[in-house]
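The values are calculated or read from the model by the stated rules, or taken from the named source; none is laboratory data. Predicted model only: the values in this text are computed from it and were never measured. Cβ atoms come from the backbone with ideal geometry, glycine included; neighbour counts cover every protein chain shown. For accessibility, only protein heavy atoms count, side chains too; no ligands or nucleic acids. Shrake-Rupley method; radii C 1.70, N 1.55, O 1.52, S 1.80 Å.
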Amino acid sequence: MTITSTPGAARTEQPPPDGGRRGRARRRPRRDRVVEALWGYAFIAPIGLGLAVFYLWPVVQTAYFSFTAWGAFGGHTWSGLDNYHRMLHDHEFGQAMVNTLAYTGLGLVSIPLAIVFAALLNRPGLRGIGVYRTLFFLPVVTMPVAIAMVWRWLYNGDYGLVNYLLSLVGVDGPNWIADPRVALYALVAVGVWSSIGYNLVIFLAGMQAIPKEYYEAAEIDGAGPVRQFFSVTIPLLSPTAFFVSVISVIGSLQLFDLVYVMAGSGDAARANPAFPRLETVVQLFYDRAFVTNDRGYAAAIVMVLLLVIIALTALQFRMQKRWVHYG
């Protein structure tokens, strides 16, 4: 149909040829997106509710309790910054923080060890790789308390297997958990041994995700296995190493079970001359919160630990731009 208009005449709106279905079709996706978003929020609501109830609310409560003083019968009063001021002059807290940071720093040796073991297991044609994976991963699926009890026996200065093996080569081993000179290193060795399997599985998965074309190109250029490892594997594995380093640092800063079982707690632990070199921040938090019922001070201790974890994690994310390659 041809529409003829004359000057000065009112323009007549013509109905769309499809009866308005096209306009409704343009509006329908917007409603669909809203409905889809509502369904998405509905699906993540249980997780968000769980995070709020079991993670965020305890953090808020602990932050509040860190500004309170608790009595012997459970009541508490507002004390302001007294707990944090007391912490600055608490030698035991300072030593526990030093021990925790030292354990965390020394425990990072598990990362290069896991990379080396993963590279050895990633060799083509290696037989029994499933058996090796299982052997390395067994400590990860074992209860930490069971690991600590076994190593407590192995480290025993009188009848432990470690000192027995050393005696076969003429070495008189120390009482590993009761000697302040070696107690922390003995604890680090157990931590590295128990965590290396978890890191190894992650690195092994990262290595198998590296395209083989990179190795073929490096081989054509004359690079041997060692050069390929340092020039291809390590750079392309850096995102995996960054992830492992973050979770390793966070986990090491929260060390508790190994110390609790191997060194004990309360008066029994304080009878151990090496306990000042083994006590961690979480161990001190447990002692103050559940042994001496000094919960306000315990809350302040764990809040400081939370700030340390956040600071170190933020530092790792800041530094990862210098050594992590994503492309």
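Odds and ends about this structure:
- For the stretch 246-258, the criterion of being part of a helix (DSSP H, G or I) and either free of Cβ contacts under 8 Å to residues at least 24 places away in the same chain or in contact with a strand residue (DSSP E or B) (Cβ under 8 Å, 6 or more places away or on another chain) (or both) is satisfied by at least one residue.
- Sole exception among (1) of a type in the set (A, V, I, L, M); (2) closer than 20 Å to Arg181 by Cα; (3) touching a Ser or Thr at 6+ places or on another chain (Cβ under 6 Å) for Ala263, by number: (3)
- Test result for Ala118, open to solvent by less than 50 Å² (accessible area, probe 1.4 Å), part of a helix (DSSP H, G or I), among the aliphatic types (A, V, I, L, M) and touching a helix residue (DSSP H, G or I) at 6+ places or on another chain (Cβ under 6 Å): yes
- Scanning the stretch 62-94 for residues that are polar (S, T, N, Q) and over 30 Å from Val140 (Cβ atoms) turns up Ser66, Thr68, Thr77, Ser79, Asn83.
- Just one of (1) open to solvent by 70 Å² or more (accessible area, probe 1.4 Å); (2) more than 18 Å from Asp257 (Cα to Cα) fails for Val150. It is (2).
- Whichever residue in the stretch 299-327 is in a helix (DSSP H, G or I) and touching a Leu at 6+ places or on another chain (Cβ under 8 Å) and, among such residues, is most open to solvent (accessible area, probe 1.4 Å): Leu312
- The residues of the stretch 241-279 that are in contact with a Phe, Trp or Tyr (Cβ under 8 Å, 6 or more places away or on another chain), open to solvent by less than 10 Å² (accessible area, probe 1.4 Å) and under 27 Å from Met319 (Cβ atoms) amount to a single one, Val244.
- Filtered by the rule that a residue be open to solvent by 20 Å² or more (accessible area, probe 1.4 Å) and in a helix (DSSP H, G or I), the stretch 153-191 gives Trp153, Leu154, Leu161, Val162, Tyr164, Leu165, Leu166, Ser167, Leu168, Tyr185, Ala189.
- Matching residues in the stretch 135-147 - criterion: being outside any helix (DSSP H, G or I) and surrounded by 12 or more Cβ atoms within 10 Å (Cβ to Cβ): Thr142
- Of the helices (runs of 4 or more DSSP H) lying entirely inside the stretch 1-111, those containing at least 1 residues that are at pLDDT below 90 span 21-51.
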